[in-house]
Amino acid sequence: MNLESLFSQHFGAPDESTFTVRAPGRVNLIGEHVDYNDGFVLPMAISLQTVFMLRPRADRMVRLYAANFEETREFSLDNIQKQNTWLDYVQGVARELAGASVPLHGFEGVIISDVPTASGLSSSAALEVGAAIAFTHLEQQPMAPSDLAVICQRAENKFVGVNSGIMDQMAVAACRRDHVLLLDCRSLDMEHVPFRLADHVVVVTDSAAPRELAGSAYNERRAQCEEGLKVLQRALPHISSLRDVTPADLQAHGSTLSPIVLQRVRHVVSEIARTLEAVAALKAGDMATFGQKMNDSHESLRHDYEVTSHELDWLADYSRTQPGVLGSRMTGAGFGGCTVTLMERAHAEAFVQNLPIKYLEATGRQARCWICEAEDGAHIAS
Ligand code: GLA
């Protein structure tokens, strides 16, 4: 059933106050596990998206039917309590907006999404940013994408209780069609780098492997980075995050770190440099070098940061052997979720047909592939 019929079925016919919000998922091309170290990331919005069809209410209730879960949930803006469901993302955003003194009104409507959940494509950020746009639209208080993203990240950190960085919400809020977003996660300065792919495409592949470890291991990696920073600050008092550590610093002072922490820091320092090198290659039209940087990123995440998995390694290794592939790596937090592959457009159809067959043979799991273009971030669509 389409969005409008679902809306009519649950909330009556749409009227002139009804509006639609579209919030895409994102894929990060390079710059992994560096956002919480003040580094640089390079995501793009993808065509998979969460769509909200909404109508304002006269009272302070928010009532939503989630088509993916086939359920209606609601809350009062005067009584925001965690429910441990998808609604928490919307509630958390409402609470943070209220905390930032944005007046809020109730609304009702339908949410439908083709961003797969728990796959590392930021379905939760899409829900948060979409909700934030809905609330601010109703108040006629549009916010800059970076302000929206900060509110949404706070909602995720403080209300939902997931300790994520700023990348996902910024990508969903600020990306532009035919561009990748070079984001400085320290200053939140952004550069929209043209990414109009004529002869190349980006293929996202869902490994369909469980991400059970993701939460605890993510927090452990963050703690190891903090430990590395603290130890390095003894010799390098000017550094305020791992972003400030140069490869030469690490060469000189790496021996003061425990072996595991040294590995983690080495990933972060090299990944930040690699991301800037990849952007330089992209601007020069050197897609081969860009692809190589993606491969190098995966190897660093595999061996130094240790956040890949058997399935993600298999996908990256296999993809690199296929005709037309320039680079392939895991994307997002890791331990499951997706890979991202840059390849020649002419070979993409064969690639997405063959990969799931080979992957099923190798792992017993059913991969899904999407050929993606760089899309617009979240916006009011009507
Ligand atoms: C998750 C987090 C992001 C970022 C990535 C790793 O997607 O939500 O903030 O840390 O992992 O790059």
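I'm trying to understand the selection: among the residues of the stretch 1-48, which are charged (D, E, K, R), out of contact with any Cys (no Cβ under 8 Å at 6 or more places or on another chain) and surrounded by 24 or more Cβ atoms within 10 Å (Cβ to Cβ)?
Glu32
Would you check which residues across the stretch 152-191 are among the polar types (S, T, N, Q) and either assigned to a loop (DSSP other than H, G, I, E, B) or away from the ligand (no atom under 13 Å from the Cβ) (or both) and list them?
Once the filter is applied, which keeps residues that are among the polar types (S, T, N, Q) and either assigned to a loop (DSSP other than H, G, I, E, B) or away from the ligand (no atom under 13 Å from the Cβ) (or both), the stretch 152-191 yields Asn163, Ser164, Ser187.
Does Ala248 satisfy being open to solvent by 30 Å² or more (accessible area, probe 1.4 Å) and either touching a Leu at 6+ places or on another chain (Cβ under 8 Å) or among the small types (Gly, Ala, Ser) (or both)? Break it down into steps so the answer makes sense when it comes.
Working: open to solvent by 30 Å² or more (accessible area, probe 1.4 Å): yes; either touching a Leu at 6+ places or on another chain (Cβ under 8 Å) or among the small types (Gly, Ala, Ser) (or both): yes.
Spelling it out, Ala248 is indeed open to solvent by 30 Å² or more (accessible area, probe 1.4 Å) and either touching a Leu at 6+ places or on another chain (Cβ under 8 Å) or among the small types (Gly, Ala, Ser) (or both).
Quick check on the stretch 283-308: of everything there that is open to solvent by less than 20 Å² (accessible area, probe 1.4 Å) and of a type in the set (A, V, I, L, M, F, W, C), which residue is nearest to Glu220 (Cα to Cα)?
Val307
For Leu236, indicate whether it is surrounded by 20 or more Cβ atoms within 10 Å (Cβ to Cβ) and more than 25 Å from the chain's Cα centre (by Cα).
When the stated conditions are applied, Leu236 does not pass them.
For the stretch 306-345, enumerate the residues that are charged (D, E, K, R), in a strand (DSSP E or B) and touching a helix residue (DSSP H, G or I) at 6+ places or on another chain (Cβ under 6 Å).
Arg329
So, of the residues in the stretch 125-151 that are surrounded by 24 or more Cβ atoms within 10 Å (Cβ to Cβ) and within 14 Å of the ligand (Cβ to nearest atom), which turns out to be farthest from Ser207 (Cα to Cα)?
Applying the filter and picking the extreme gives Ala149.
Looking at Leu138 and the list (1) touching a Pro at 6+ places or on another chain (Cβ under 6 Å); (2) within 24 Å of Leu29 (Cα to Cα), which single condition is not satisfied?
Of the numbered conditions (1) touching a Pro at 6+ places or on another chain (Cβ under 6 Å); (2) within 24 Å of Leu29 (Cα to Cα), the odd one out for Leu138 is (2).
The values are calculated or read from the model by the stated rules, or taken from the named source; none is laboratory data. The model shown is predicted, which means the values in this text are computed figures rather than measured ones. Positions of Cβ are generated from backbone atoms using ideal geometry, with glycine treated the same way; all protein chains shown enter the neighbour counts. Ligands, DNA and RNA are stripped out before the accessible areas are found, and what is left, the full protein with its side chains, is counted by its heavy atoms. Shrake-Rupley method; radii C 1.70, N 1.55, O 1.52, S 1.80 Å.
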